Amino acid sequence: MRKINVDTDSRLAITGAIRKVFFEKPRIRSPQLPEAGARGHEESGGVRMTQFGQAGHANDYKPLSLETMANSYAAQPVAV
């Protein structure tokens, strides 16, 4: 299990992608900005997942149905 906070990297990637759009197309309409930000975030996230060794492990886990997961959680005691 790995947990690494990459929020700052994500924010910088989103901001950088939006700034690039503003620079290249100063009169752009706002609906295209979220799309640019999302692309920047996806690129940054993919790079980080590869660097941290997370990428390529989706097939390591057996898919479980929602019902199976709900039953699993219901069977566990709740920590207070």
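The values are calculated or read from the model by the stated rules, or taken from the named source; none is laboratory data. What you are looking at is a predicted structure, and each value in this text was computed from that prediction instead of being measured. Note that we place each Cβ from the backbone using ideal geometry, even for glycine, and neighbour counts take in every protein chain shown. To get the accessible areas, we keep the full protein, side chains included, count just its heavy atoms, and leave off ligands, DNA and RNA. Shrake-Rupley method; radii C 1.70, N 1.55, O 1.52, S 1.80 Å.
Observations, loosely collected:
- Residue that is farthest from residue 42 (Cα to Cα) [pool: residues in segment 52-80 that are of a type in the set (Ser, Thr, Tyr) and open to solvent by 80 Å² or more (accessible area, probe 1.4 Å)]: 73
- Here segment 1-37 is the region considered, the condition is being closer than 30 Å to residue 61 by Cβ, aliphatic (A, V, I, L, M) and surrounded by 14 or more Cβ atoms within 10 Å (Cβ to Cβ), and the residue that is modelled with the lowest pLDDT is 6.
- Segment 52-80: number of residues that are farther than 27 Å from residue 7 by Cα and at pLDDT 75 or above: 17
- In the set (1) at pLDDT below 75; (2) part of a helix (DSSP H, G or I), residue 49 fails one condition alone, (1).
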